[in-house]
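A.B. asks: Starting off with a structure, shown below.
Here, each number is a calculation from the coordinates, and none is a lab measurement. Note that the coordinates shown come from a computational prediction; the quantities given were computed from them, not determined experimentally. Here Cβ is always computed from backbone atoms with ideal geometry, including for glycine, and neighbour counts include all displayed protein chains.
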Amino acid sequence: MNSPPDTRFAIEFRNVSYRLASNVPLLFDLNLQIHPGETLVLLGRSGSGKTTTLKLINRLLAPSEGSVLVDNRATVSWDPIRLRRLVGYVIQDVGLFPHFTVERNIGLVPQIEDWPADRIRQRVQELLQLVGLSPHLLSRYPRELSGGQRQRVGVARALAADPPILLMDEPFGALDPITRAELQREFLELQQRLQKTVVFVTHDLREALRLASRIAFIDAGRLITVETPDQFVNSIEPQVAAYVDAFGAGRLVPENQKTRGTS
Amino acid sequence: MNVLHFILQNRSEVIEFTFEHLWLVAVSTFLAVLIGIPLGILITRHPLLNKPVLGVANAIQTIPSLALFGFLLPAPWIGERADRLVILALTLYALLPLIRNTYAGIKGVDPAVIEAGRGMGMTSRQLLWQVELPLSLGVIIAGVRVATVLSIGLTTIAAAIGAGGLGQYIFRGLAMVNNSVILAGAIPAAFLALFADATLGWLEKRLTPP
């Protein structure tokens, strides 16, 4: 494989700092490269700066210093509307529009992109199948769905215009453990097929180990390390070791090691 | 009952006055909606305008209505006819509830929903029409309801400067020291207010997103 690495829809943080208007710093000198097609999990405690990092990618926030590059172009020089339509965004539970039916929620991006109505309807059907929802839910409102169904609708909505990049902010955080495991498995299958560039925020180490190509560990606004799941559980970084310990290290084995062991 | 007797005897006049009354209320509320809702939206977009706009609308409310009619009397075109003058005054009074409720309604939309919309790449115009306004419609209609009921009451004073409406009975009755005549204006006005309140309350409930 001598072809140059594909950098389309890669994401890069170069010396990025972010401060609030009140000058409270949230992120310090972040350097991070996210490769196309990988699932990078941002892991860390609540308030460590994971969500801030995510919002810097679709320019809901702009860096105070340094630059965030999406597809080799600084986010501040993108037209934010165009940028965001290339970047699917899934947030925890509340992001669905309560006054839209499932059908309109999923078809939102195609609709604001002015697709013809029959193409939107067809696309919504495809997506429904993709995320495993039954078509009779189309006319329901988000409040009439279970937590797991809502989250599937959220994923379908983010995928609607087939964006190359997907940002997921604790998408499975509010679900019960069984539903969460189900959605994680579906996510893995989906990602294997779609090969999006995914940035996934969670504080759940198990989830990170299960889903990540690489884990970026953030603590108090600083990136501590970026490692593959197997490296991560054996990391010598004291903060990482402490985090892994907190989850009961002995019982944790990354998903890919398990499969290696049985083959 | 004297009042009923009086109303029945003068029923065509009572109906005429009621329609005059309704017309003054409808035109002024319509104008206030046309001005107040965009102003309310504007101050959610430009927070610096928030205090001055709400301050002025508040100040207008504190002016007694008879005094406001007096202030507007020398105005060109407006001052020439009593109904124009009354409509302008009623419009000004109705602005506060409309601006305030539009502002509060939009500000009350779950910020997570708005951020999700922005994250999807919605323009601020799309956010306004598809998310913020539909989700705050109930609160905005509540503002229209307050403004309408307020105007129905205030319009009774319009008779003092000769703009017509049910206030004519009230002032006539006061001059004649005749309670029946006063009530012939006050009772239909009260019913109008109750009716408007109930209708708009129903609409408010219908349009409030769950």
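A.B. asks: Which pairs, out of B:K51/B:K107; A:K55/B:K205; A:K55/B:K51, put more than 26 Å between their alpha-carbon atoms?
C.D. replies: A:K55/B:K205; A:K55/B:K51
A.B. asks: Where the centroid of each part is defined by its Cα atoms, how far is segment B:138-168 from segment B:40-119 in Å?
C.D. replies: Measuring centre to centre over Cα atoms gives 15 Å.
A.B. asks: Sorted by average packing, counted as other Cβ atoms within 10 angstrom per residue and highest first, what order do B:167-177, B:197-207 take?
C.D. replies: Going from most to least packed, we get B:167-177, B:197-207.
A.B. asks: Is the shape of chain B rounded, prolate or oblate, going by the alpha carbon gyration tensor and its root eigenvalues a ≥ b ≥ c, with a/c under 1.5 for rounded and a/b larger than b/c for prolate?
C.D. replies: Prolate shape, in that a/c is at least 1.5 and a/b is the bigger ratio.
A.B. asks: Same structure, new question: Considering only B:F71, B:I99, B:I114, whose Cα is most displaced toward the positive end of the charge dipole of segment B:6-138, charges sitting on Cβ of Lys, Arg (+1) and Asp, Glu (-1)?
C.D. replies: B:I114
A.B. asks: Tell me, what is the FRET efficiency for B:W23 and A:R82 to the nearest 0.05, using R0 = 45 angstrom and their Cβ-Cβ distance as r?
C.D. replies: The computed FRET efficiency comes out at 0.35.
A.B. asks: Moving on. In degrees between 0 and 90, to the nearest 10, how far off the longest principal axis of chain B does helix B:167-176 point, with axes built from Cα atoms?
C.D. replies: Roughly 30 degrees, rounded to the nearest 10.
A.B. asks: Here's another thing I want to ask about it. Ignore the peptide's own chain and count Cβ atoms of other chains within 10 Å of each Cβ in B:119-129; give me the average, rounded.
C.D. replies: Other-chain Cβ atoms within 10 Å of each residue's Cβ, averaged: 6.
A.B. asks: Roughly how many nanometres apart are two label points built 7 Å out from the Cα toward the Cβ at B:S180 and A:A174?
C.D. replies: 6.5 nm
A.B. asks: While we're looking at this one, here's another question. Cross-link partners among aspartates and glutamates for A:K50, C-alpha distance below 12 Å, same-chain residues fewer than 8 apart left out?
C.D. replies: The qualifying aspartates and glutamates are A:D169, A:E170, A:D219.
A.B. asks: Could I have the simple spin-label model distance between B:N10 and A:R193, label points 7 Å from Cα toward Cβ, reported in nm to one decimal?
C.D. replies: 7.8 nm
A.B. asks: Please give, to one decimal in nm, the separation of the simple spin-label points placed at A:D29 and B:H46, each 7 Å out from Cα toward the Cβ.
C.D. replies: The answer from the label model is 4.3 nm.
A.B. asks: So which chymotrypsin sites (Phe, Trp or Tyr not before Pro) in segment B:1-106 are both in a DSSP loop and have at most 13 other Cβ atoms within 10 Å of their Cβ?
C.D. replies: Passing sites in segment B:1-106 are B:W77.
A.B. asks: Oh, and also: What is the distance in Å between the Cα centres of segment A:186-202 and segment A:76-140?
C.D. replies: Taking the Cα centre of segment A:76-140 as reference, the centre of segment A:186-202 is 17 Å away.
A.B. asks: Right, another one. In which sequence would A:R210, A:R119 go, from the one with the fewest C-beta neighbours within 10 Å to the one with the most?
C.D. replies: Exposure proxy ranking, most exposed first: A:R119, A:R210.
A.B. asks: What's the angle, to the nearest 10 degrees (0 to 90), between helix B:11-45's Cα axis and the longest principal axis of chain B?
C.D. replies: Around 20 degrees separate the two axes.
A.B. asks: Answer with one residue from A:G147, A:M168, A:F187: the one whose Cα lies farthest towards the positive end of the charge dipole of segment A:139-194, charges on Cβ with Lys, Arg +1 and Asp, Glu -1.
C.D. replies: Farthest along the dipole direction, towards plus: A:G147.
A.B. asks: Now, a different point. Got a sec? How would A:S46, B:S28 order by Cβ neighbour count within 10 Å, fewest to most?
C.D. replies: A:S46, B:S28
A.B. asks: Report for segment A:101-233 the percent antiparallel among DSSP-assigned beta bridges with both residues inside it, nearest 5.
C.D. replies: 50 percent
A.B. asks: Please compute the average number of Cβ atoms from other chains found within 10 Å of each residue's Cβ in peptide A:95-108.
C.D. replies: Counting Cβ atoms of other protein chains within 10 Å of each residue's Cβ and averaging gives 4.
A.B. asks: What is the fewest-to-most order of B:H46, A:H203, B:H21 by other Cβ atoms lying within 10 Å of their Cβ?
C.D. replies: B:H46, A:H203, B:H21
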